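For reference, the structure is listed below as C-alpha cells.
The values are calculated or read from the model by the stated rules, or taken from the named source; none is laboratory data. Small disclaimer: the values here were computed from a predicted structure and weren't measured. Reconstructed Cβ throughout: ideal geometry from the backbone, glycine too, with neighbour counts over all protein chains shown.
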Amino acid sequence: MAMNTNESGNHDEALHKLLKEWRADAPLPAHFQAAVWRRIEQPHAPASPSFWDVVTNWIGTVAPRPAFAAAYIALFLTAGVAAGLTQARQETVRVKGELGDRYIRVLDPYQAPR
Amino acid sequence: MKKGILILVLGLVLAAAGYGCVYFVCTSSARHLQCGSQPELAWLKDEFKLSDAEFKRISQLHAAYLPQCAEMCRQIEAQNQRLRMLLAATNQMTAGIDSAIAESARLRGECQRNMLSHFYEVSRTMPPEQGRRYLAWVRERTFASGAGMMRDNEKHHENDK
C-alpha cells in the first residue's frame, strides 16, 4: 500500500514536470474561451416547458381557483343561454314565416303549389 | 388536476344544458302551432292575437271559403290547360286564344274578388287594430307583391335584364 502511494507520487511528479515543459504552439480557434464557457453553461440552462406541460399546469393550478371557476362557469352558461335564445328566435321566425306563407297559399289559387 | 378538468367539463355541460333548455322552452310556441290539424289557422290566431270567439268565427269563414277556392283552383287549372293546348296548336293569334286569354283574365278577376271579400270579412271579425294589420299583411302578400301570374312575369323580365 505504502509502495503504491510512493509510485503514484512519482508518477504525479513526472506528469507535472512533463506538463510544465509542454508548450502548445497551435493557435486557438476564434472565440475559443467563449465557446468553452457556453458549453459549460449549457447543461445548467432550464429546459423550456412543452405546450402540454403549460396546459396541464394551468388546469391543475388556475382552473380550480374559486374565482376562475365561478367566472368560467358563468361565462359558459351565459354563452349557452344566449346561443339558445338566438337560435330559438330564428327558428320561431322561420316557422311563423312558413305558416304565414301556408295561410296565403291555402287562400290564393294563384299561389297554390301546382 | 382532476378538479380543474372537472370544472372545465362542468362549464361545457352547463353551456349545453343552458342552450338546450332555452331553445326547447322558447320554440315551444312554434312547435305548438305546427301540431294542430290546421297550423295556418293556429298561426293566424297567434299572430293577430285573436280571442277564442274571434278564432271560432274566422275558422267558420275559412271553412266556408275553402270550397269556393278549390272550385276556382279547378277552373283556373282547366283554363290554363286549355290555353296551353291552344298555344301549342298554332303559331299565330287566333280567336280561340283571344277568348281563352279573356277567360283567364275573367277567372283571375273573379278569384281576386272572392279572395278580397274573404279578407275583408276576416278583418272585420278581428279587433280593429289587428284587422287593419291583417289587411295590410294580406294585401302585401297577394295584391301588392308579385304573386301568381304577376310573379311569373317578373321572373320572366328579370331574365331579360
Inset, instruction - Please verify whether the range B:45-56 includes one or more residues that are among the small types (Gly, Ala, Ser), more than 9 Å from chain A (Cβ to nearest Cβ) and free of Cβ contacts under 8 Å to residues at least 12 places away in the same chain. - result: yes
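A quick yes/no check of all residues on (1) among the hydroxyl-bearing types (Ser, Thr, Tyr); (2) under 28 Å from residue B:37 (Cα atoms); (3) touching a residue at least 40 places away in the same chain (Cβ under 8 Å); (4) touching a Phe, Trp or Tyr at 6+ places or on another chain (Cβ under 7 Å):
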{"residue": "A:36", "(1), (2), (3), (4)": "no, no, no, no"}
{"residue": "A:48", "(1), (2), (3), (4)": "yes, no, no, no"}
{"residue": "A:56", "(1), (2), (3), (4)": "yes, no, no, no"}
{"residue": "A:61", "(1), (2), (3), (4)": "yes, no, no, no"}
{"residue": "A:78", "(1), (2), (3), (4)": "yes, no, no, no"}
{"residue": "A:87", "(1), (2), (3), (4)": "no, yes, no, yes"}
{"residue": "A:92", "(1), (2), (3), (4)": "yes, yes, no, no"}
Inset, instruction - Please find, within the range B:41-73, the residue that is surrounded by the most Cβ atoms within 10 Å (Cβ to Cβ) out of those that are more than 22 Å from residue A:97 (Cα to Cα) and basic (Lys, Arg). - result: B:57
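Yes or no: the range B:106-125 includes at least one residue that is more than 11 Å from chain A (Cβ to nearest Cβ) and among the hydrophobic types (A, V, I, L, M, F, W, C).
no
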Inset, instruction - Please state which of the following conditions residue A:14 fails to meet, knowing it meets all the rest: (1) closer than 30 Å to residue B:7 by Cβ; (2) of a type in the set (A, V, I, L, M, F, W, C); (3) modelled with pLDDT of 85 or more. - result: (1)
Inset, instruction - Return a yes/no flag: does the range A:38-47 have any residue that is more than 9 Å from chain B (Cβ to nearest Cβ), within 30 Å of residue B:3 (Cα to Cα) and at pLDDT below 95. - result: yes
Inset, instruction - Of the numbered conditions (1) within 16 Å of the chain's Cα centre (by Cα); (2) at the interface with another protein chain (Cβ under 7 Å from one of its Cβ atoms), residue B:38 fails exactly one; give the number of that condition. - result: (2)
Inset, instruction - Would you mind listing the helices (runs of 4 or more DSSP H) fully within the range B:1-119 where at least 3 residues are touching a Pro at 6+ places or on another chain (Cβ under 6 Å)? - result: B:52-89
